[in-house]
1. How high is the relative contact order of the chain, in percent, counting Cα pairs under 8 Å that sit 6 or more residues apart?
2. Per 0.36 nm of contour for each residue apart, how much would the distance between LYS150 and GLU495 grow if the chain were fully extended, relative to their Cα-Cα spacing?
3. Just the number, please: carbon plus sulfur as a percent of the accessible area of segment 458-777, 1.4 Å probe, no ligands or DNA/RNA counted.
4. Could you calculate the contour length gain from ASP715 to TYR697, that is, 0.36 nm times the residue separation minus the distance between their Cα atoms, to one decimal place in nm?
5. Among TYR699, GLN687, VAL569, whose Cα projects farthest towards the positive end of the dipole of segment 458-777, with charges put on the beta-carbon of Lys, Arg (+1) and Asp, Glu (-1)?
6. Quick check: Cα centre of segment 73-152 to Cα centre of segment 695-752, how many Å?
7. Considering only DSSP beta bridges whose two residues both sit in the chain, what percent are antiparallel, to the nearest 5?
8. For every helix of n ≥ 4 consecutive DSSP H residues, a contribution of -39,500 (n - 2.57) applies; sum these over the chain, divide by its total residues, and give [θ] at 222 nm rounded to the nearest 500 deg cm²/dmol.
Amino acid sequence: MKLTKDKFKEDYQRLLTELYSLDIKDSEVSEQYFTLGNLIRTYASNDWKNTNESYLKKGEKQIYYFSMEFLLGRMLKSNLLNLDILEVVQKGLQEFGIHLENLIEFEVDPGLGNGGLGRLAACFMDSMATCAIPGHGNGIRYKYGLFKQKFVNGYQMEIPEHWLRNGNIWEVRRLNKAVTVRFYGNVWLENSSGRLVPRYENEEAVLAVPYDTPIIGYNEQTVNTLRLWSAEMHPQDESHEYGAFLKQQSQIENISEVLYPDDSYYDGRLLRLKQEYFFVSAGIQSIIRRFKKKDLPISHLSEEVAIHINDTHPALCVPELMRILLDDEGMDWESAWDLTKKVLSYTNHTIMSEALEKWPIDMMSTLLPRIHQIICEIDQRYAADMRYRYDDHMIERTRIIEGGHIKMAHLAIIGSHSINGVAKLHTDILKEKVLHDFYLIFPSKFNNKTNGITQRRWLLLSNEPLRQFIDSKIGSNWEVNPTDLTNLKAFQNDEDTLFKLAQIKKLNKQRFADYVKRTMNLTLNPDAIFDVQVKRLHAYKRQLLNLLHILSLYFKLKENPNAYIYPRVFIFGAKAAPSYMYAKQIIKLINSVAHMINHDHHIGDKLKIVFVENYSVSLAERIIPAADVSEQISLASKEASGTGNMKLMLNGAVTVATLDGANVEIRDQVGPDNIIIFGLTDKEVYQYYHDGSYHAYDYYIHNPILHRVLNALIDGTIPGIEIEGQDIFDSLVKYGDEYFVLRDFEDYRLAQEKVDQIYRDTLRWQKMALLNIAGAGIFSSDYTVLQYAKEIWDVSAKSTQD
Ligand code: 26W
């Protein structure tokens, strides 16, 4: 938008006084922040209105992205950037003596997601708006986001995150758009003039109230909407006796109270199922309402609407859409089923079997009786349809209801026209292993959409020095056409460029070191290698492998203080699910090792470990620009894609990786000389499973370095480590080492020696860094959503890039 500095200053001054009856000189950060937020909203409001109006046109297909999580991160700066007023506002505020940076830091980082899946949804929202795709987000407005992590004596403690305490400047409550969602009760079918209609009694009605957040595109016109639902008591119930009223109220409000802190681990609690149906039903009802404004017959739904199911959490979209088409719209089963499949598509984000949702049939029939009936009918018709084509075993393995449970992935696959994995390798594993039966039955439904990240948040906003540098080399078109970053390759042998790149990295490392000094009172040497592993704590991600290697370096230095080791700072950020004991033990172990090494005067600057508390989007924005090394070391076949790997390469980190998830595609982009690959391949892992020939104990016995390191877990070497050391030791040496940590240790150690070697040659290292930046463009979520639009949602984007 066009905004001059003087106009901004005038607007700002006036609004601050209107809102708070204060003069700027007497205002505080909170008032300054809310004033700016309000102003941004007014600046975006016309585009938001126009975008919404244009979306009501017939034939303008709308995309609805259903996700249990949207991990947006702070929005003040990104909104300013996307409105193209960041500089004007910064300068204007400066003249009032206000530092924009302070207002940015004042905003709470809304943690409405656990990790990769939720952050991906947020990147997609940014990219859809930027690419002018009519994309709406649909989710839950949790009152409490992901817990705040504190370390107490090295242990993780969880503290509730009341992110709404100061209000939320970006959302609009739209009570007039509220809908009713029904739970429990009895349902039966009655014959009404030749058609079976459901009759209900004794249901619990919950009011779903939408809160809309504008998603501003980086393109001067599109403002999309993220709609998050909040559960409230129905007005009709407010006449109850007071005690009963309060009880019922808290039961209802519980639905949108808190985000489940589970990541890749399924915990079948009733409240979770309630949450899933709540936002699915509310979302679909509001979609149908909007569709009806177009005045078209319901049979046109699939031309006007696509609904995407982000992992299985919203898979109840299948029976819910069926319910509405059958019961409310009076369609026959076949037509409703056809339409449902055309409208819906599904993404799988994990192959970990413990993450696959299965709901007990009793729970479903009690909580959602009509939905349960519909699921049973879908299941029976599926089995009947398949009977002539496949044997009984195949049908049993693929049907929805089995062993008293409803398998949500099966429901999603059977009820939609597309299922995709999130990286090439992941999709291949789905096709060949995890969902092989379905691949045989529905080969054409399967497709791959490799994940992506928005280069706006993960470079333009978070790494301004690098952005300016890139602009000075190749211009700024890469900001909307990120594969233009390949133009940087022209500079790969230009010493000047490479030294400048090294300087920028150093600057970012110094900035992060200052932050660590301020918040943790730990001094870091910015000339050391900054080696980063930031992601959820999970055994398959193998933070433990990283830690065992650190211990090996430590012992090497203890034995020989002059050992040839380039100074390193190991940076960890990770939350563990509160009930995941093993992951929490690893957190304690990392913290104790950090304490031991950081306080060892003989080690000094040579090794440091920083485990940042409460890893979040805003911390990622601080850490990633400062990374030299990106740790992507999951056991091959287990990480569906990863997206941190993409963010780190985009910021010039060199990846140490297994051939897992999108790491494979990163290697293909940068070439084998510019990434350090180690470890088992997915094929080798499957081979081990097949012949059961892995014996972790042998590695413990035969590798002296590993032997020494593992013994340290149980011999009292690490102060503060007792039971957890033994448990972790046992998991590796005694109980089979499920994730092949010991098998990959030596190879990993050698990979790290390579890092140590190459880093000493600044030009060689920076060339690798540059080629990583140059190769990162393809991993923009702009391209990813354009592929979803074209190949899954069947909609052409009015891309700003053509
Ligand atoms: C029901 C429990 C539960 C909760 C969350 C099961 C599964 C999940 C998510 C699917 C876990 C997740 O975030 N997966 C990650 O998704 C990213 C985006 O596609 C990928 O990059 C990561 O590799 C994958 O682990």
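1. Working: 1426 pairs, mean separation 108.3, N = 802.
For the chain, the relative contact order is 13 percent.
2. Numbers: separation 345, 0.36 × 345 = 124.20 nm, distance 4.40 nm.
Residue separation times 0.36 nm, minus the Cα-Cα distance, leaves 119.8 nm.
3. Details: 5800 of 11640 Å².
The C+S portion of the solvent-accessible surface of segment 458-777 is 50 percent.
4. Details: separation 18, 0.36 × 18 = 6.48 nm, distance 1.77 nm.
Taking ASP715 through TYR697 to full extension adds about 4.7 nm, to one decimal.
5. Most positive-ward Cα: VAL569.
6. 41
7. Values: 35 of 80 bridges.
Just about 45 percent of them are antiparallel.
8. On the way: 31 runs with 360 residues, N = 802.
Helices in the chain give a 222 nm mean residue ellipticity of -14000 deg cm²/dmol.
The values are calculated or read from the model by the stated rules, or taken from the named source; none is laboratory data. This one's a predicted model, so the numbers in the text were calculated from it and none came from an experiment. Because the Cβ atoms are built from the backbone with ideal geometry, glycine has one as well, and the counts that use them run over all protein chains shown. Calculation scope for accessible area: heavy atoms of the full protein, side chains included, ligands and nucleic acids excluded. Shrake-Rupley method; radii C 1.70, N 1.55, O 1.52, S 1.80 Å.
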